[in-house]
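A.B. asks: Structure below; questions to follow.
The values are calculated or read from the model by the stated rules, or taken from the named source; none is laboratory data. Not measured: the values here are computed from a predicted model. When we count neighbours, we look across all protein chains shown, and the Cβ atoms used for this are built from the backbone with ideal geometry, even at glycine. Areas reflect the complete protein model, heavy atoms only, side chains present, ligands, DNA and RNA absent. Shrake-Rupley method; radii C 1.70, N 1.55, O 1.52, S 1.80 Å.
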Amino acid sequence: MKASYNNSNHKGGKILFSLYILFLLYANLSLLYARPAGATFQAQNYPQDNSEALNLFEQAMGALTEKRDEKAKKILEELIFNHPKSPQTPKSYLFLGDIYDKNNLFYEAEAIYCQFMKQYPKHHLLSEILFRQGEIFLHMGEIKKSCKVFKQLILEFPKTIYGQKALFKYADSLKKLNDEVTARIYYLEGMKVLPDYINSNPETAFNVGCLYFREGLLEKALKVFSNLEKNSPNNTLTSQALAFCGDIYKEQGKLQEALQTYQKVITNFPETIGAQVSTIRMADLSTETNKKIKDPNYSFPAFHKPILAYKNLIEKKSTEPSLAHLAEYKLALDLQKNGKYREAITLLKSILKKGLEKKIYHRILSSLKEIIVTYLNYCYEKEDFFSVIKIYEKNKLLLASFLQKPKNISYFFNIAQSYQKKGFDEKAKDMYEKMFIPTIDSKFNNQILFELAHIHFHKQKYKKALGYLQKIDTNANRTLVFKVQKITGDIHFQEKNFKKAVEAYKTAKKTESEDINIKLLLSIGESLDKLKNTSEAMRYFKKAINFAQKKEELAQGHLKIADLHYRHQNYAQALVHYQELQKLPLEPDDRDWALFQIANCSQKEKKSSEATDSLEKLKSSHSDPIWASIADFKDFCISLNQY
């Protein structure tokens, strides 16, 4: 690639060159740069033969061969100005322009090419001159002008070699203007008519290879990138081309070849962009695949230690800033996969504080939000509800728009559930109400309505709770019918409408799954007991005991039966069940109650010693101190009766 254009130096060069032209004008020679269009050289007393011009041309060629550009330049300038009609003059323009170009004298080169086009509008070298002028504009960074020249070449000289080369140069120019769509058309057309052009033009070859890669033409892309390495091994784009070769092997499932290619880039081109890309790609492969790679000599360090590879790139000062950001991003994703959510979130937040392109910023921001909600979900599944609340409160503003999208409502629902499970009912209620949108999935709307009903039930606002329950569509979901009818029964029970409670509980029972709900059986039994239907109540309590799978459920069944027997003065039967409770897990209050009732039943059955033993156990209980006082008083009463 040509050396970069220095604006200030070339403005000065242009001024000097213009002064030189004015000097020639003063000497009554033809004006080159400012001559009116269509003007021709005036006849001068030129020598009849061409020997002097030919001699000058040969001297210039000799100087060029010896790489004495300055001498060649002076000779060619003399030839052009003194022998404008010589057969050697047109070619002299070409060589002189090339010297200016090589020495970054772009204004002078462009002036020479312009003069040639005015002097020889129909010359057979015109297509080459136009091509060189287009290249000059490219070197000067005047891309729109280069596009205009190359397009003219394509239209006016389509069959010439330079018209065909212009297809590629026009595409290169369009690519610099980010017109990828039009550039694609001209690259493909160029490859049809002049496929060998890219062998000597690495930048164009790289662009064509990238085009093939994007379009999924992997074999064609691989061939182009491989030839680029072969034809231009020392070009700055070679390392990137090889990195693409690694990407192609990866796409083809040839992981061993991909790793070998990436490592080749890292080893042979250690300080290049291609090496940095290859390091990231190799580390990515480690996190993306579980396939075993044959590497007995540990030849692919970035593959074996991806986190270390990312960190080394990040810490290395020579790493391209955009690739350092990419490495940080990849490191964050890898940390997330290893369950290190906090580190991943902290790292992504630090990246966002740096000056990023808008597109990259939004990509990282999106990933950050996804990792945060994944972390939230992880904590929710572990039933670590306080962590869910803490994470949400810390990132509330960041997640606001993300969680409001209908597809992410499940995350928002889990957050509300976490508040509810930890007793923050008002906060949960506000979130449920924000989530309720009649137009979205009725499944979530039904869940939201149920949770709102549940919150109002616990706040003893039974009418509001029933209002929410009545809005739920229960046609398609048996599980939801069960839950709705169960809580409806609970509301009626609390309102002492035991008949309706039994109806609701029995409706729920009809929709329960194969696993019998013990709590539901106990609730039906309690409601029937309140309705004085003792036999039916006892039947449900016994059924609960028979089907209980957990000791806690079994204990509740025995407790209900024991209390029912006691109320109906069946003290011997009650005593059996209260004593059975001593073998089962109970809440402290229930255990103390059972001990107290054992004492009562024993007293009724004239078993004073058993009653006293039970009271002693109650006195030593460490739950509610009131039970010790009650036990003392009861013990005193028993002693008094004995006396």
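A.B. asks: To the nearest 20 debye, what is the magnitude of the charge dipole of the chain about its Cα centre, counting +1 on the Cβ of each Lys and Arg and -1 on the Cβ of each Asp and Glu?
C.D. replies: About 1240 debye.
A.B. asks: Another one. Determine the dipole magnitude for segment 589-632: charges of +1 sit on the beta-carbon of Lys and Arg, -1 on that of Asp and Glu, nothing else is charged, the reference point is the Cα centre, and the result goes in debye to the nearest 20.
C.D. replies: Here the size comes out at about 200 debye.
A.B. asks: Sticking with this structure for a sec: Which angle between 0 and 90 degrees, to the nearest 10, do you get for helix 69-82 versus the longest principal axis of the chain when only C-alpha atoms count?
C.D. replies: Helix 69-82 sits roughly 50 degrees off the main axis of the chain.
A.B. asks: When all protein chains stay in place, what accessible area (Å², nearest 10, 1.4 Å probe) is found for Arg539?
C.D. replies: 110 Å²
A.B. asks: Follow-up question, since we're still on this one. I'd like the Karplus ³J(HN,Hα) series for segment 384-394: coefficients 6.51, -1.76, 1.60, θ = phi - 60°, whole numbers in Hz, and an x wherever there's a Gly or Pro.
C.D. replies: Couplings: 8, 5, 5, 5, 4, 4, 4, 5, 5, 4, 6 Hz.
A.B. asks: Okay, moving on. Could you order Met282, Met61 so the one with the most accessible surface comes first? Probe is 1.4 Å.
C.D. replies: Met61, Met282
A.B. asks: Hey, if you put +1 on the Cβ of every Lys and Arg and -1 on every Asp and Glu Cβ in the chain, which of Tyr505, Leu335, Ser226 ends up farthest toward the positive end of that dipole?
C.D. replies: About the Cα centre, the residue reaching furthest to the positive side is Tyr505.
A.B. asks: Roughly speaking, to the nearest percent, how much of segment 318-410's 1.4 Å accessible area is carbon and sulfur?
C.D. replies: On the way: 2780 of 5310 Å².
With neighbouring chains kept in place, the figure for segment 318-410 is 52 percent.
A.B. asks: Continuing with this model, one more query. Full-extension gain between Lys223 and Asn533, please, as 0.36 nm times their residue separation minus the C-alpha to C-alpha distance. Mind showing how you got there, number by number?
C.D. replies: Values: separation 310, 0.36 × 310 = 111.60 nm, distance 8.86 nm.
Using 0.36 nm per residue and subtracting the Cα-Cα distance, I get 102.7 nm.
A.B. asks: While we're here: Taking the Cα atoms only, what angle lies between the long axis of helix 425-435 and the longest principal axis of the chain, rounded to 10 degrees?
C.D. replies: 50 degrees
A.B. asks: Sticking with this one: Ordering Trp627, Trp593 by how much accessible area each has at a 1.4 Å probe, largest first, what is the list?
C.D. replies: On the way: Trp627 35, Trp593 90 Å².
Ranked from most to least accessible, the order is Trp593, Trp627.
A.B. asks: Given that just one value was derived from the coordinates, which of (i) 13, 26, 22, 17, 11, 8, 3, 0, 0; (ii) 13, 26, 25, 20, 12, 3, 0; (iii) 17, 48, 26, 8, 1, 0 is P(r) over Cα pairs in 20 Å bins from 0, in percent?
C.D. replies: (i)
A.B. asks: Averaged per residue, what accessible area in Å² does the chain show with a 1.4 Å probe, protein chains only? Can you show the working numbers first?
C.D. replies: Numbers: 35100 Å² over 643 residues.
Counting only protein heavy atoms, the per-residue value for the chain is 55 Å².
A.B. asks: List the aspartates and glutamates whose Cα sits under 16 Å from the Cα of Lys422, skipping any in the same chain fewer than 8 residues away.
C.D. replies: Candidates past the 8-residue exclusion: Glu381, Glu383, Asp384, Glu393, Asp430, Glu451.
A.B. asks: Highest first, please rank the peptides 345-357, 370-382 by the mean number of other Cβ atoms sitting within 10 Å of their residues.
C.D. replies: 370-382, 345-357
A.B. asks: Which of the pairs Lys506/Lys550; Lys382/Lys551; Lys461/Lys617; Lys369/Lys550; Lys159/Lys223 have their Cα atoms more than 32 Å apart in this structure? Intermediate results must be reported in sequence, preceding the final value.
C.D. replies: Working: Lys506/Lys550 22 Å; Lys382/Lys551 24 Å; Lys461/Lys617 41 Å; Lys369/Lys550 41 Å; Lys159/Lys223 27 Å.
Violating the 32 Å Cα-Cα cut-off are Lys461/Lys617; Lys369/Lys550.
A.B. asks: Still on this structure: In terms of solvent-accessible area of protein heavy atoms at a 1.4 angstrom probe, what is the ranking of Met140, Met117, highest value first?
C.D. replies: From most accessible down to least: Met117, Met140.
A.B. asks: Still on this model: Pop out the ³J(HN,Hα) list for segment 101-106 in order, Karplus 6.51 cos²θ - 1.76 cosθ + 1.60 with θ = phi - 60°, rounded to Hz; leave Gly and Pro as x.
C.D. replies: In residue order, the calculated couplings are 4, 4, 9, 6, 8, 5 Hz.
A.B. asks: How large is the charge dipole for segment 96-192, taken about the Cα centre, if only the Cβ atoms of Lys, Arg (+1) and Asp, Glu (-1) carry charge, to the nearest 20 debye?
C.D. replies: Roughly 280 debye for segment 96-192.
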